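Student: Before we start, here is the structure in question, set down as structure tokens.
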Amino acid sequence: MNSVIEEISKIGIVPVIALDDVKDAEPLGKALCEGGLPCAEVTFRTAAAEESIRIMAEKFPEMLVGAGTVLTTEQVDRAVGAGAKFIVSPGLNPKVVAYCTERNIPIVPGCANPSDIEQAIELGLDVVKFFPAEAAGGLNMIKAMSAPYTSVKFMPTGGINANNLIDYLNFGKIVACGGSWMVSKDMIAAGQFDKIAALTREAVTKMLGFELKHIGINEADEGAADSTATAFDKMFGFTKKVGGSSIFAGTGIEVPKAPYLDKNGHIAIGTNYINRAIYHLEKNGVEFDYDTEKRDEKGNLKAIYLKGEFSGFAVHLLQK
């Protein structure tokens, strides 16, 4: 998978934007960055698209700005010349796809049926846009098509919103989702950039799904750990369960058999998508201790500690 597409996968949500006035490009880019989505697919449906891409790319170099609704090779040149890092099209035009791949320009063409996907594979692609997602059969259609095309992943766009976002992202063949619910044309036209930032932040929060999973309590040794877990069991009915390295009382209290990391213990925060969570938190200045990674038998990351302590507690992310 191309490195730009890999970053889009970590971001998780691609705001799809139609701008009618270039004056809105800078405040919109600022709102998206503040909201935690440093990414935009600026559609080439309007005369303001090219200059808007240029403004966003120059003013916010941390943003991953791409061009959408690209229909011709001439539009590819204009978009890339303005600073677009990736190209998205509503359908699969072999000429446009070949033009991009020959120039190492990441392109995600629209595909809505198996014949489209086979053309994409023939052209050397492994990620396609599924468009219009909901109208073309939604998640069930993606699941059906992914069965014979095991190497292909999808970026669905069209009808994606806050209510169905997680359903889509939970399917492993989906790289990211494109959507415009947090950047509607009406809000842009009204200059409601604070609202756009808030809706963007809300979308990221919903996607990552952070929640407290358990508290770890450090004790001096295994005997003390067993006593503490037993006490919670007796007092509150939190059933004690002895594991290899720790003892749980219910699901909310963990007592390691030997002290680990910080003085008091640890706090486990669950997340829907641990790799995306790391990406977004690192963008906000959070540091991780990669020596503490825990992976499952397939090599998937399951847990990792943040660097530093919080009131004597270590904090780690946990894949739900």
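Every number here is computed from the coordinates shown, using simple stated rules; none is lab data. Quick caveat, the model's predicted, so the values are computed rather than measured. Here the Cβ is made from the backbone with ideal geometry for all residues, glycine too, and neighbour counts use every protein chain on show.
Student: Report the calculated FRET efficiency for residue 236 and residue 198 (r = Cβ-Cβ distance, R0 = 35 Å), to the nearest 0.05.
Tutor: Values: r = 38 Å, r/R0 = 1.09.
Working from the Cβ atoms, E equals 0.40.
Student: Residue 147 to residue 300: FRET efficiency via 1/(1 + (r/R0)^6), r the Cβ-Cβ distance, R0 30 Å, to the nearest 0.05?
Tutor: On the way: r = 21 Å, r/R0 = 0.71.
Efficiency at R0 = 30 Å is approximately 0.90.
Student: Net charge near residue 41: determine it from the other residues with C-beta under 12 Å of the C-beta of residue 41, scoring Lys and Arg +1 and Asp and Glu -1.
Tutor: Details: positive: 45, 85, 129; negative: none.
Net charge in that neighbourhood comes out at +3.
Student: Angle check, please: helix 222-236 long axis (alpha carbons) against the longest principal axis of the chain (alpha carbons), in degrees 0 to 90, nearest 10.
Tutor: 80
Student: Give me, ordered by chain and number, the residues 5 or more places off residue 130 or on other chains with an amide H under 5 Å from its own placed amide H.
Tutor: 111, 155, 157
Student: Quick one: putting +1 on the C-beta of Lys and Arg, -1 on the C-beta of Asp and Glu, what dipole do you get for the chain around its Cα centre, in Debye to the nearest 20? Before the final figure, lay out each step's value.
Tutor: On the way: 32 positive and 40 negative charges, 95 e Å.
Once rounded to the nearest 20, the dipole reads 460 debye.
Student: Continuing with the same structure: Please identify which residues in the range 257-272 have an amide N closer than 17 Å to a label point set 7 Å out from the Cα of residue 251, following the Cα→Cβ vector.
Tutor: Under cut-off, by backbone N: 268-272.
Student: If you don't mind, there's one more thing I want to ask. Could you state, as a whole-number percent, how many of the C-alpha pairs of the range 29-108 are farther apart than 16 Å? Before the final figure, lay out each step's value.
Tutor: Values: 1404 of 3160 pairs.
More than 16 Å apart: 44 percent of the Cα pairs in the range 29-108.
Student: Still on this structure: Restricted to Cα positions, what overall size does the range 211-319 have along the principal axes? Three whole-Å values, descending.
Tutor: 43, 29, 23
Student: Where in the range 272-300 does the amide nitrogen come within less than 17 Å of the point 7 Å from the Cα of residue 170, taken along Cα to Cβ?
Tutor: Under 17 Å, as judged by backbone N against the label point of residue 170, lie 272-274 of the range 272-300.
Student: What is the extension gain from residue 283 to residue 73, computed as 0.36 nm multiplied by their sequence separation minus the C-alpha to C-alpha distance, in nm to one decimal? Intermediate results must be reported in sequence, preceding the final value.
Tutor: Details: separation 210, 0.36 × 210 = 75.60 nm, distance 3.37 nm.
Here the answer is 72.2 nm.
Student: Have a look at 219, 254, 297 and tell me which one the Gaussian network model of the chain (Cα, springs below 10 Å) gives the largest fluctuation.
Tutor: So, out of 219, 254, 297, the one fluctuating most is 297.
Student: If you don't mind, another one. Have a look at the DSSP beta bridges in the chain and tell me what percent are antiparallel, nearest 5. Write down the numbers at each step before the final one.
Tutor: On the way: 21 of 52 bridges.
Given both bridge residues lie in the chain, the antiparallel proportion sits at roughly 40 percent.
Student: At a 10 Å Cβ-Cβ cut-off, how would you order 188, 215, fewest neighbours first? Kindly include the intermediate steps, with their values, before the conclusion.
Tutor: On the way: 188 21, 215 15.
Ascending Cβ contact count within 10 Å gives the list 215, 188.
Student: Using the Cα centre as the reference, give the magnitude of the dipole from point charges on the C-beta atoms of the range 210-320 (Lys, Arg: +1; Asp, Glu: -1; all else neutral), rounded to the nearest 20 debye.
Tutor: On the way: 14 positive and 16 negative charges, 84 e Å.
Dipole of the range 210-320, to the nearest 20 debye: 400 debye.
Student: Let me ask you something else. What are the residues whose amide H is under 5 Å from the amide H of residue 39, where those residues sit 5 or more places off or on another chain and H is modelled from the backbone?
Tutor: 64
Student: Let me ask something else about it. Work through the residues other than residue 64 whose Cβ is under 9 Å from its Cβ and net out their charges, Lys, Arg +1 and Asp, Glu -1.
Tutor: Details: positive: 85; negative: 7, 62.
Net of charged neighbours comes to -1.
Student: Follow-up. Can you show me the helix-derived [θ] at 222 nm for the chain, built from DSSP H runs with n ≥ 4 at -39,500 (n - 2.57) apiece and divided by the number of residues, rounded to the nearest 500.
Tutor: Result for the chain, helices only: -11000 deg cm²/dmol.
Student: Just the number, please: percent antiparallel of the DSSP beta bridges in the range 211-319, rounded to the nearest 5.
Tutor: On the way: 21 of 30 bridges.
Close to 70 percent.
Student: Across 10 Å bins from the origin, how do the percents of Cα pairs in the range 3-208 run, short distances first?
Tutor: Bin by bin from 0 Å, the calculated values are 9, 38, 37, 14, 1.
Student: Okay, which of the range 157-193 sit inside 12 Å, backbone N to the point 7 Å along the Cα-Cβ direction of residue 20?
Tutor: Residues passing the 12 Å test: 185-191.
Student: If the limit is 26 Å between Cα atoms, which of 195/307; 234/294; 59/195; 213/240; 10/206; 263/298 go over it?
Tutor: Values: 195/307 33 Å; 234/294 32 Å; 59/195 21 Å; 213/240 16 Å; 10/206 15 Å; 263/298 32 Å.
Listed pairs above 26 Å: 195/307; 234/294; 263/298.
Student: While we're on this one: May I ask you to work out the translational diffusion coefficient for the range 250-308 at 4 °C, viscosity 1.567 mPa s, via Stokes-Einstein with Rh from the Kirkwood sum over Cα pairs, reported in whole µm²/s?
Tutor: Details: Rh = 13.1 Å.
The diffusion coefficient I find is 99 µm²/s.
Student: Which residues' amide hydrogens lie under 5 Å from the amide hydrogen of residue 315, considering only partners 5 or more residues apart or on another chain, with H built in the peptide plane?
Tutor: The list, which skips near neighbours in sequence, is 267, 306.
Student: Pull out the extension gain between residue 227 and residue 269, defined as 0.36 nm times the separation in residues minus the alpha carbon to alpha carbon distance; nm, one decimal. List each step's numbers first, then the result.
Tutor: Details: separation 42, 0.36 × 42 = 15.12 nm, distance 2.49 nm.
Gain in length upon complete extension: 12.6 nm.
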